[in-house]
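Quick notes on the structure that follows.
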Amino acid sequence: MTFTADVARFDSAVVRRPAPSVVNGLRAEDRGSPTLAGVAAEHAAYIAALEAAGVTVQVLDPLDDFPDSIFVEDPALVFTEGAILLHPGAASRAGERDFIAPVLKDRFVTVLEIGEGFADGGDVLTLPDRVMIGLSARTDQAGALALSHCLTRLGKRSQIVETPPGVLHFKTDCSLLDDETILSTSRLAASGVFNGKKVLLTPPGEEAAANALRVNDVVLVGAGFPATRALLEKNGYNVVALQTGEIGKIDAGLSCMSLRWKR
Ligand code: CIR
């Protein structure tokens, strides 16, 4: 089994149950709305998979005023050393920060916040040696710089990079598999951002599988991506397949439904 990076070792997570309004979640392209029951089932299986991987999960109440608030990864960033409150780049999501703030203040001694610009947690990929911040339609230069200053205060190096045009978040197109290896789409890898790292490319037609999630000894992967699952298994990873068809209709994958850290 490939070595688990410390940055993928987690014992704690926060998630938020979907509200009925989740059917109105943001999407770039209309492929039909998800159903509340469908999202809730995928969410429940996701919590069970985190718990089976050794994570204690705090489940927050739904927020019906915020259709996308199930995606708790976007308004904050968490590490063993502390939490950072972000400023989501979508207007309908700006208020989510006020609801995650008290939860994190309860759980972390150090809670920093970005004062300027916009940044979504979905644009942040934590690697063993640095934190990559992707500029996107949701994360601007001012937000990325403000985040970079907060990361410095937590003792972390950061690197600001570009997200390919038309891609929602940097991490829509990539995820960490272990200390040296990244799962990436071809379009993101072609930009050179991962030069020097080992990269496994998502097979053609399975670009949406790139938002996988390494948690301790397993990699959570969308069940609808058999070629990616086979690729990961061939490379020695313990794959746990999860349904993502409903959350996929509102542009979500597996990293976005939790904030994860090691106490
Ligand atoms: C949004 O557009 O904000 C949501 N519908 C999807 C957010 C997915 N977040 C993530 O991948 N970190």
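Readers should treat all values here as calculations from the given coordinates under stated rules, not as data from a laboratory. Just so it is clear, the model here is predicted, and its values are computed rather than measured. When we count neighbours, we look across all protein chains shown, and the Cβ atoms used for this are built from the backbone with ideal geometry, even at glycine.
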Original post:
Measuring from label point to label point, each 7 Å out along Cα→Cβ, what is the residue 263 to residue 106 span in nm?
Top reply: 1.5
Original post:
Comparing 165, 67, 34, which has the greatest mean-square fluctuation in the GNM of the chain with Cα pairs linked when under 10 Å apart?
Top reply: 165
Original post:
Could you work out the helix-only [θ] at 222 nm for the chain, with each DSSP H run of four or more residues adding -39,500 (n - 2.57) and the total divided by the number of residues, to the nearest 500 deg cm²/dmol?
Top reply: -6500 deg cm²/dmol
Subject >> Contour minus Cα-Cα distance for residue 152 and residue 92 (0.36 nm per residue) >> reply: 18.7 nm
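Highest mean first, how do 213-222, 104-113, 45-54 rank when packing is the count of other Cβ atoms within 10 Å averaged over residues? Each step should come with its number before you reach the end.
Details: 213-222: 23.4, 104-113: 15.2, 45-54: 17.2.
Ranking, from highest mean packing down: 213-222, 45-54, 104-113.
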Original post:
In sequence order, what are the phi-derived ³J(HN,Hα) couplings for segment 146-163 according to the Karplus relation 6.51 cos²θ - 1.76 cosθ + 1.60 with θ = phi - 60°, rounded to whole Hz, with x for glycine and proline?
Top reply: 4, 5, 4, 5, 4, 4, 4, 5, 8, x, 10, 7, 9, 9, 8, 10, 9, 8
Subject >> Separation of the residue 51 and residue 116 label points, Cα + 7 Å toward Cβ, nm >> reply: 4.5
Subject >> Difference of contour (0.36 nm per residue) and Cα-Cα distance, residue 180 to residue 64 >> reply: 37.8 nm
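More than 14 angstrom separation, counting every C-alpha pair in segment 103-168; what % is that? Before the final figure, lay out the partial values.
Details: 1221 of 2145 pairs.
In whole percent, the long-distance tail amounts to 57.
Pairs 171/197; 156/262; 105/249; 234/262; 198/234; 105/171: which are spaced more than 24 Å apart, C-alpha to C-alpha?
Details: 171/197 16 Å; 156/262 16 Å; 105/249 32 Å; 234/262 28 Å; 198/234 15 Å; 105/171 26 Å.
Violating the 24 Å limit, Cα to Cα: 105/249; 234/262; 105/171.
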**OP:** Between the alpha-carbon centers of segment 122-156 and segment 58-83, tell me the distance in whole angstrom.
**Re:** 17
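What is the sum of charges, Lys and Arg at +1 and Asp and Glu at -1, for the other residues whose Cβ falls under 14 Å from the Cβ of residue 256?
Working: positive: 16, 27, 93, 138, 171, 249, 260; negative: 42, 68, 73, 74, 96, 120, 123, 173, 246, 251.
Computed value for this residue: -3.
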Subject >> Backbone N under 19 Å from the residue 36 label point (7 Å along Cα→Cβ), restricted to segment 228-263 >> reply: 246-250
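Rank by packing, highest mean first: peptides 246-253, 23-30, with packing defined as the count of other Cβ atoms within 10 Å averaged across residues.
Working: 246-253: 23.4, 23-30: 13.8.
Those peptides, ordered most packed to least, come out 246-253, 23-30.
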Original post:
Share of antiparallel DSSP beta bridges in the chain, in percent to the nearest 5?
Top reply: 45
**OP:** Would you kindly give the portion of the calculated P(r) for the chain that falls above 33 Å, as a percent of all Cα pairs?
**Re:** 10
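Counting Lys +1, Arg +1, Asp -1, Glu -1, what net charge surrounds residue 109 among other residues with beta carbon under 14 Å of its beta carbon? Write out the running numbers ahead of the final one.
Details: positive: 105, 107, 153, 263; negative: 81, 106.
Residues near residue 109 contribute +2 overall.
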